[in-house]
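Below is one structure, written out as structure tokens, with a few remarks after it.
The values are calculated or read from the model by the stated rules, or taken from the named source; none is laboratory data. Treat the numbers as computed from the prediction; the structure is a model and nothing was measured. FYI the Cβ positions are ideal-geometry reconstructions off the backbone, even for glycines, and counts take in every protein chain you see. For accessibility, only protein heavy atoms count, side chains too; no ligands or nucleic acids. Shrake-Rupley method; radii C 1.70, N 1.55, O 1.52, S 1.80 Å.
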Amino acid sequence: MIMKPKGTYDVLGKEAVKLEKINQLIEYFCDFYNYEYIRTPLFESRELFHRSVGESSDIVTKETYDFKDRSDRELTLRPEGTAGVVRSFIENKLYGENLPRKFFYNGTMYRYERPGNGRNREFTQFGIEVLGSNDPAIDAEVISLPYRLFEELGFKDLTVKINNLGAKKDREKYREALVSYLKPHIHELCSDCQKRFETNPLRILDCKVDQDNDLLKNVPSILDYQSKESQDRFKKVLQYLTFLDIDYEVDDKIVRGLDYYDYTVFEIVCDKEVLGSANTIAAGGRYNGLVEDLGGPSIPCMGFASGLERVMLAMDDPIFSERRPLNCYILYVNEEEKMKAITLAQDLRISGVSVDYDTTGRSLKSQFKEADRNQAELLILLNSEDLSKGLITVKDNKTKEEHKIDENEIIDYIVSNA
Ligand code: ATP
Ligand code: MG
């Protein structure tokens, strides 16, 4: 038997219903907040991720799926969504048009990680990116959209953790302070952190292994190394969040795992046991330098991404795990009735009614059972005798009441009764 590759999974049954509901809600929310859908390729040139996500990030050092195509091009399956959106923004010269552009995406990402609860090798991220605004109101909007969406999905135990990384020059000052604080004790940290110390010491704060080490608990705070401009900006973001009634916690240890972040970074954490250490259900921040780093003009941006597998795992509201009942089930016996069933089903579906009928040669008795299994509200009972008089019998599957309806009025009747 052929099995699915390690770290991938099938979405079936109740989980599939949940995912469908989440996807519908994402589209609905993004529409209301005026975000437009964007789709970028599943694979991009390897260089794109090296230059954006960063050479020293976990993603680039150990998680990418890299391959060469048959013409020896170096390609990478996308591990995240921002790099592709920014590449597309620059390549299509969208910076010349009305800004900001507000995009949302929802698609598959690939990372070679150790699989576990809420950690997969193939996973789905929904995210938004705002390109062309440095307004702190956008920081607040990018945080509030997923927060409100999760609330709508029934989440109650959410915390927004937020930090301010400031401008490049602020981070450089902090980096020096951090290096001199850590230097005498660096051997006490894990081997990854010893490497990070050489390549990108800020990333040590994000280490999952050394999280509880006192050395890391007492590091200097990045918030003490911010310029006045950066501090004022951060205050404004927090003020807007308060206006929007979003509970936040300032956490000066949040640096995020990708190199391109500056100023505001945040995580939305869900305190559910099933998630274990994979309890960050959304994360993001500002990346005011990335468009320029990738060859475009200087354009300030902000975005976030959320792992839908983690959202599904943590979501337990049963209303989201039942399939919607079918409006109508059409029952028939002979070929003439079946032809009517096929055209009637099409007309009803076009009119916004959900319909199905048997395609496995079931007896009439088991067609009734099938209608019940699909929780059909109305049964359309086709029989040749009725049809020859231009009539169709409709039965309410709850009250068991039956009516003979004129064939020409059947669509209107079903639409108003379904
Ligand atoms: P973590 O610290 O949990 O590994 P990360 O810093 O790698 O997360 P990001 O790159 O910021 O995460 O991705 C944003 C979101 O995507 C995460 O908060 C999480 O919800 C989801 N995500 C990341 N990696 C995975 C994965 N391997 N499987 C499922 N979801 C993931
Ligand atoms: Mg990770």
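The table below gives the values:
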{"read-out": "Any hit, the range 252-259, residues being modelled with pLDDT of 95 or more, among the basic types (Lys, Arg) and within 16 Å of ligand 1 (Cβ to nearest atom)", "value": "no"}
{"read-out": "Restricting the range 337-359 to residues that are in contact with a Leu (Cβ under 7 Å, 6 or more places away or on another chain) and open to solvent by 30 Å² or more (accessible area, probe 1.4 Å), the residue that is nearest to residue 407 (Cα to Cα)", "value": "340"}
{"read-out": "Output for the range 236-247, where each listed residue is in contact with a helix residue (DSSP H, G or I) (Cβ under 7 Å, 6 or more places away or on another chain) and either assigned to a helix (DSSP H, G or I) or surrounded by 18 or more Cβ atoms within 10 Å (Cβ to Cβ) (or both)", "value": "236, 237, 240, 241, 246"}
{"read-out": "Residue among 259, 252 that is within 16 Å of ligand 2 (Cβ to nearest atom) and not in a strand (DSSP E or B)", "value": "259"}
{"read-out": "Given (1) farther than 27 Å from residue 322 by Cα; (2) open to solvent by less than 70 Å² (accessible area, probe 1.4 Å), index of the condition residue 367 fails", "value": "(1)"}
{"read-out": "Sole exception among (1) within 24 Å of residue 274 (Cβ to Cβ); (2) free of Cβ contacts under 8 Å to residues at least 40 places away in the same chain for residue 68, by number", "value": "(1)"}
{"read-out": "Options 308, 294, 331, 387; residue that is in contact with a helix residue (DSSP H, G or I) (Cβ under 7 Å, 6 or more places away or on another chain), open to solvent by less than 50 Å² (accessible area, probe 1.4 Å) and within 30 Å of residue 273 (Cβ to Cβ)", "value": "308"}
{"read-out": "Counted residues, the range 21-57 - those being part of a loop (DSSP other than H, G, I, E, B) and free of Cβ contacts under 8 Å to residues at least 40 places away in the same chain", "value": "0"}
{"read-out": "The range 107-123: number of residues that are near ligand 1 (Cβ under 8 Å from one of its atoms), part of a strand (DSSP E or B) and open to solvent by 30 Å² or more (accessible area, probe 1.4 Å)", "value": "1"}
{"read-out": "Where residue 128 falls short, out of the listed (1) in contact (Cβ under 8 Å) with a residue 12 or more places away in the chain; (2) surrounded by fewer than 21 Cβ atoms within 10 Å (Cβ to Cβ); (3) within 13 Å of ligand 1 (Cβ to nearest atom)", "value": "(2)"}
{"read-out": "Residue 60 in the same structural domain as residue 127 (by TED's automatic domain parsing), without any contact (Cβ under 8 Å) to a residue 24 or more places away in the chain and buried (at least 18 other Cβ atoms within 10 Å of the Cβ)", "value": "yes"}
{"read-out": "Hey, residue 26 assigned by TED's automatic domain parsing to the domain that holds residue 286 and within 16 Å of ligand 2 (Cβ to nearest atom) or not", "value": "no"}
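Per-residue answers, yes or no, for (1) touching a residue at least 24 places away in the same chain (Cβ under 8 Å); (2) more than 16 Å from ligand 2 (Cβ to nearest atom); (3) in contact with a Ser or Thr (Cβ under 8 Å, 6 or more places away or on another chain); (4) of a type outside the set (S, T, N, Q):
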| site | (1), (2), (3), (4) |
| --- | --- |
| 272 | yes, yes, no, yes |
| 276 | yes, no, no, yes |
| 281 | yes, no, yes, yes |
| 284 | yes, no, no, yes |
| 290 | yes, yes, yes, yes |
| 305 | yes, no, yes, yes |
| 309 | yes, no, yes, yes |
| 314 | yes, yes, no, yes |
